[in-house]
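Structure, as structure tokens:
Nothing in this text is a laboratory measurement; each read-out follows from the coordinates by a stated rule. Note that the structure is predicted; figures quoted are calculated from it, not measured. A quick note on method: Cβ atoms are made from the backbone with ideal geometry, for glycine too, and the neighbour counts reach across all protein chains shown.
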Protein chains: 4
Amino acid sequence: MNSFGRNFRITSFGESHGPGIGVIIDGCPPDLELETGDIQPFLDRRRPGTSPLTSQRKEKDSVEILSGTFEGRTTGAPIALLVRNQDQRSGDYEEIREKFRPGHADFTWQKKYGIRDHRGGGRSSGRETIGRVAAGAVAIKYLSGKGIDVTGKVLAVHGKTDPDELQQEILSARDAGDSVGGIVEISARGCPPGLGDPVFGKLDARIAGALMGIGAVKGVEIGDGFASAARFGSENNDPMTKSGFASNHAGGVLGGISTGQDIVVRIAVKPTPSISIPQQTRDIHGNEVEISVRGRHDPCIVPRIVPVAEAMLALVLADCMLEQAKYTAG
Amino acid sequence: MNSFGRNFRITSFGESHGPGIGVIIDGCPPDLELETGDIQPFLDRRRPGTSPLTSQRKEKDSVEILSGTFEGRTTGAPIALLVRNQDQRSGDYEEIREKFRPGHADFTWQKKYGIRDHRGGGRSSGRETIGRVAAGAVAIKYLSGKGIDVTGKVLAVHGKTDPDELQQEILSARDAGDSVGGIVEISARGCPPGLGDPVFGKLDARIAGALMGIGAVKGVEIGDGFASAARFGSENNDPMTKSGFASNHAGGVLGGISTGQDIVVRIAVKPTPSISIPQQTRDIHGNEVEISVRGRHDPCIVPRIVPVAEAMLALVLADCMLEQAKYTAG
Amino acid sequence: MNSFGRNFRITSFGESHGPGIGVIIDGCPPDLELETGDIQPFLDRRRPGTSPLTSQRKEKDSVEILSGTFEGRTTGAPIALLVRNQDQRSGDYEEIREKFRPGHADFTWQKKYGIRDHRGGGRSSGRETIGRVAAGAVAIKYLSGKGIDVTGKVLAVHGKTDPDELQQEILSARDAGDSVGGIVEISARGCPPGLGDPVFGKLDARIAGALMGIGAVKGVEIGDGFASAARFGSENNDPMTKSGFASNHAGGVLGGISTGQDIVVRIAVKPTPSISIPQQTRDIHGNEVEISVRGRHDPCIVPRIVPVAEAMLALVLADCMLEQAKYTAG
Amino acid sequence: MNSFGRNFRITSFGESHGPGIGVIIDGCPPDLELETGDIQPFLDRRRPGTSPLTSQRKEKDSVEILSGTFEGRTTGAPIALLVRNQDQRSGDYEEIREKFRPGHADFTWQKKYGIRDHRGGGRSSGRETIGRVAAGAVAIKYLSGKGIDVTGKVLAVHGKTDPDELQQEILSARDAGDSVGGIVEISARGCPPGLGDPVFGKLDARIAGALMGIGAVKGVEIGDGFASAARFGSENNDPMTKSGFASNHAGGVLGGISTGQDIVVRIAVKPTPSISIPQQTRDIHGNEVEISVRGRHDPCIVPRIVPVAEAMLALVLADCMLEQAKYTAG
């Protein structure tokens, strides 16, 4: 389904080469100041064409608020946001009308729906994340008023953690017609304790679902994550003192509920599947064919995933904040 | 919330030291053969007291079917399953009425609800997973009729992968009053392509949410997971041939939809937080105190998580199968 | 589906002649005093066998709280309530194993599920409402603490409104092996303005869905309802004064949101379809047959629907109260 | 909330005097032929300014498909539909910025949200139904391919059932600065038996909720509805013969599930609350004031509700069809 969240609920639509991409936010509290200037900077951060490290597709990605605000404030009505597509070179994609690109959704979507908008990946394109980022910007604005900050950063690319080195990895991959993956860390500071809903709406479960649902993400860990699997309990538990927890191995979540410490999450991002190096694949008729994916692709999607991952974490937290309000006020 | 799934939907209830633990399954297709014999073996696998490696709490965990079947077959009505608690030594827990156990949900649940059933962790106890396993057994039965098998295994404990060595790690930890974590792998064979619902109900997103929601799980990865973050695209993509995919780095999911290959997932399980080694913590009045968690605890929860993780994967797949039926028949 | 509500969410299970009937309440606020004594009186009001006007089935309908409370207070965990069936004379129903009773769900459930628990109507039995009433009792308790009272009454039976006359109608119908319908009015006093969620979760829409979902209900109207269709706007609008509304034609709801006035709803209840007068029908093999429905049936279900309708209205209001809390606190 | 349906799920947005009104359909089956020509005629039927009986606001209400189709067919991706507002005379509404119009949502929305877009009623305007009608047109197209037809008609206005007389009632009311209500009947032909989901998703419950949620609707009845409350069971039951049911007092629904007969529903529509006759009311400061609602209003909304009610019934049926597909294929 194309909706996410229970209370701060978003519904997303749009394809890479259709008229546009958009999102509806249902449940944003009323009387929040909101204008396009609160959203546009986040879209600009995920926008392509801004550096040699990213796709050269030129899109302004200008957002329009279609509903839900009055005189610069939210009203409690659904907020619809629309970004029109502009630089569509659908011709670039004629080859993939019939060929399944390895590592892409082409084959699986064809199997699921029996029909597929192949142009730029259609609905499975990374441009779908515009809706996430636009809605996330509103969530971030709401959270900011509650003293909660969400930030993300690239931790590693192709195994390199030094900024200069990882940039070099990306450029080398691009020149070789190849691509590279990496690790992103997202964290939230200022969360009150008590967020998250046992047993199937736990905060960590929601975060994991939210982040694993971003295209190219293949792993999620909270706090010390996989490292904690090789620990003793006596090493891994976070002792408590009068002033709070003495450490944060847990990443800010215990029993599925926030502790009040920083929430810390890392995601594994696979290398972009679109590479110009020739690959073996199949066409829709079942024939084996070779494919060299041309067009304007990112050699490394990791930096552009940062605002998307921030948006998803913010959406989860906004949702949990409103859920928890029921206990406070109910 | 205590419900999970959209179509094969379960709702769970019960506490460690209350009258019992149960689950309602809503949406199980009618005319499926079902009796307690289909469920009990799965509960027996997660049951405590069966080996020196596990908690010595003695529970038969006998399941009763309260509704939803008629003459040994499901009717389409909700299936309610109930397991009565038996061996409750609530006295063991008197100390933790006022002290927050490090690594446990005690502090966060108190903060969330302002009230807490401290006996054995109450609702945050591992006994909550009885509902998951019982419902999962029904999902496994349904999937089995569709040719889908779900299996899990322990991959590592405290960094050791050899069966003898990892057993020794558990016993050593137990003797030291400590605990150890580990890695579990769950996979599903026989899934048709097409399962999963973009963009927020992707198969991998649902799996991640389902597994991260199990107590003690701190990380989830699909296919090559975190390893893929250090790869080139040319290494990581799975080429296609006439007979299918030539490799399965993706773990059976592309673009959030199943490929038809094996679905492969790994989870990181933290060491059991209940250890008898003294730890520093706080009581509900804000005082710093020492705690040594006694009672009947598992020095390593990893083996007992296997049937729980299988259940959660099966529940996700059953849910997706029914969702996909709408496209087939709709 | 067998769940109802978003915030104060109930999930119901059980059949007329299975082991029992039950309900899980998920989302009840923590720290509410709750014991069986808060629930049992409501079950006693809907219980059969208490007067010559009702079915002679003897059921104690004793409720057990399986989870969700600790030391007499709710904890925020799901509250499971179970009523065991006792007086099951399944033999009474052998005839309807193969015959569809006119006016009953037999034919449609067979068509839907392809399988049917015919004993006493199985899941389609009026005993299903035990779950509604038990959960409604908890909602009523919660609402009572917020100053909201829900009450219901019989307005008419078979067109008669005088208490003595309507009782006589029921007895006459019983003696003739026939049955009669009637009208029930339910109202809520003390609701704050602001309850209900446009545009698809309007208060009146939820109430209508909740009440029309009770078996035998064929019509729902709010405020002046159908009478307002024959009015001028100048007659039907409720003017406002300093001290509030001058009239309540609207029944306490404007634009789908509560006004703060009494919420007033009426429902039309059809005559019980189980009558001993012979009727023409079909069996499951397609043959035309005659049926005379014996067993222990109510000649008029109207009085016993009152506590069910109160329960459903209370469940809607509790749900809306928690939803609205998000705006107050969010 | 602003979403409706589980499987054929719509999410609506937009205000009377904002940039536009729209809707997203999530869950429409793939490979359905769809273009604006399938939707526009339904919008034209509900459009104002087409006769002396309706509001004189001039709107083309041209629909744009923003997503979800490719080469004239649906793809399974969400279908976003947008209608831009054009003829906005916000100045007409300056008076109601501070005054609550009797019979309108002004007071309750102000109480709920603490903020209100007063221009033309904002989100509570009848223009909101554009989203319902646009989405309903897609549902009608889908149902049509399954052999199901949905139709509606005006049964009565101000108590008159003769077409000439009821038209005269409307014109008289208009000339008097007043308004009148009426009754609409909607029916569906060709539904298979088996639609609807006990016990809280019954077909009649969903229909009642769907129709009561349309602005101005104050009552809903299925089949013989309120009339059945004054009947004997022997009169009200529909006997069965070899060839089907001998009558349709039930209105096509038994036990919450469709029988395969025509589904017949009637709704009571209150007189439009906007009248130019002076009325007593209150302003947002609590003062008693007089109001005469000017602007371009319908003296009778009954005829324009017909396509809206058809749309809502079609949306319910499409949703139930997809739900039922799970049983057929699952």
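Between D:Asp197 and D:Lys202, D:Leu203, the built amide H atoms are under 5 Å apart, and every one of these is 5 or more places off in sequence or on another chain. Our summary gives chain D a relative contact order of 22 percent, counting only alpha carbon pairs under 8 angstrom and 6 or more residues apart. Residue and distance for the chain C Cβ closest to the axis that moves C onto B, in whole Å, come to C:Thr11, 2.
Working from Cα pairs under 8 Å separated by at least six residues, relative contact order for region B:20-65 is 33 percent. For chain C, complete DSSP H runs whose alpha carbons reach 15 Å or more along their own long axis and whose mean Kyte-Doolittle score is 0.5 or higher are C:129-144, C:302-329. D:Ile277 label point (Cα plus 7 Å toward Cβ) to equivalent points in the other copies: 4.5, 8.1, 8.3 nm, shortest first.
Place a point 7 Å from Cα of D:Thr151 in the direction of its Cβ. Which residues in region D:165-207 have their backbone N less than 15 Å from it? Correct set: D:185-191.
Calculated from DSSP H runs of 4 or more alone, at -39500 (n - 2.57) each and per residue, what is the 222 nm mean residue ellipticity of the protein assembly as shown, nearest 500? Spell out each step's value before the answer.
On the way: 28 runs with 354 residues, N = 1320.
That comes out to -8500 deg cm²/dmol.
For D:His285, D:His158, the sequence from fewest to most other C-beta atoms within 10 Å is D:His285, D:His158. Starting from the label point of D:Lys146 at 7 Å along Cα→Cβ, the same points in the other copies fall at 2.0, 3.6, 3.9 nm, in ascending order.
Between region D:106-177 and region B:311-327, what is the separation of their alpha carbon centroids in Å? Cα centroid of region D:106-177 versus Cα centroid of region B:311-327: 39 Å apart.
Put in line by how crowded their Cβ is, counting other Cβ atoms within 10 Å and starting with the fewest, A:Arg101, D:Arg132, D:Arg84 read D:Arg84, A:Arg101, D:Arg132. Restricting region B:161-262 to trypsin sites (Lys or Arg not before Pro) that sit in a DSSP loop and have at most 16 other Cβ atoms within 10 Å of their own Cβ leaves B:Lys242.
Treating only the Cβ of Lys, Arg, Asp and Glu as charged (+1, +1, -1, -1), what charge dipole size does region D:73-118 show about its Cα centre? Round to the nearest 20 debye.
260 debye
Of all aspartates and glutamates in the structure, the ones whose alpha carbon falls short of 16 Å from that of C:Lys326, not counting any fewer than 8 places away in one chain, are A:Asp26, A:Asp31, A:Asp197, A:Asp319, A:Glu323, C:Asp197. Each of B:Gly147, B:Met312, B:Leu53 was scored by the projection of its Cα onto the charge dipole of chain B, and the greatest displacement toward the positive side belongs to B:Met312; charges sit on the C-beta of Lys, Arg, Asp and Glu. When only the Cβ of Lys, Arg, Asp and Glu is charged (+1, +1, -1, -1), the dipole of region B:135-283 relative to its Cα centre reaches about 480 debye.
Working from label points 7 Å from Cα in the Cα-to-Cβ sense, the D:Glu98 to B:Ser62 distance is 7.6 nm.
Between copies, the label points of B:Glu94, set 7 Å from Cα on the Cα→Cβ line, lie 5.9, 7.7, 8.4 nm apart, reported in increasing order to one decimal in nanometres.
Provide, as a two-decimal number, the C-alpha radius of gyration of the protein assembly as shown over 2.2 N^0.38 Å, N being how many residues it has.
Values: Rg = 30.4 Å, N = 1320, 2.2 N^0.38 = 33.7 Å.
The reported ratio for this selection is 0.90.
With +1 on each Lys and Arg Cβ and -1 on each Asp and Glu Cβ, how big is the dipole of chain D about its Cα centre, in debye rounded to the nearest 20? Mind showing how you got there, number by number?
Working: 39 positive and 41 negative charges, 99 e Å.
So the dipole magnitude of chain D works out to roughly 480 debye.
Any aspartates and glutamates with Cα under 12 Å of the B:Lys99 Cα? List them, leaving off those in the same chain fewer than 8 positions away. Cross-link targets: B:Asp283, B:Glu288, B:Glu290.
Restricting region D:1-81 to GluC sites (Glu not before Pro) that sit in a DSSP loop and have at most 13 other Cβ atoms within 10 Å of their own Cβ leaves D:Glu35, D:Glu71. On a C-alpha basis, how far is the centre of region D:12-57 from the centre of region C:43-95 in Å? Whole number, if you could? First find each Cα centre; the distance between them is then 49 Å.
Return the subset of A:Lys242/B:Lys270; D:Lys111/D:Lys270; C:Lys112/C:Lys218; C:Lys60/C:Lys153; A:Lys242/B:Lys160; C:Lys270/D:Lys146 for which the Cα-Cα distance in this structure is over 27 Å, preserving the input order. Provide the component values of the computation, followed by the final result.
Details: A:Lys242/B:Lys270 25 Å; D:Lys111/D:Lys270 23 Å; C:Lys112/C:Lys218 21 Å; C:Lys60/C:Lys153 24 Å; A:Lys242/B:Lys160 37 Å; C:Lys270/D:Lys146 32 Å.
Beyond 27 Å: A:Lys242/B:Lys160; C:Lys270/D:Lys146.
Going from the residue with the fewest nearby Cβ atoms within 10 Å to the one with the most, D:Thr108, A:Thr50 rank A:Thr50, D:Thr108.
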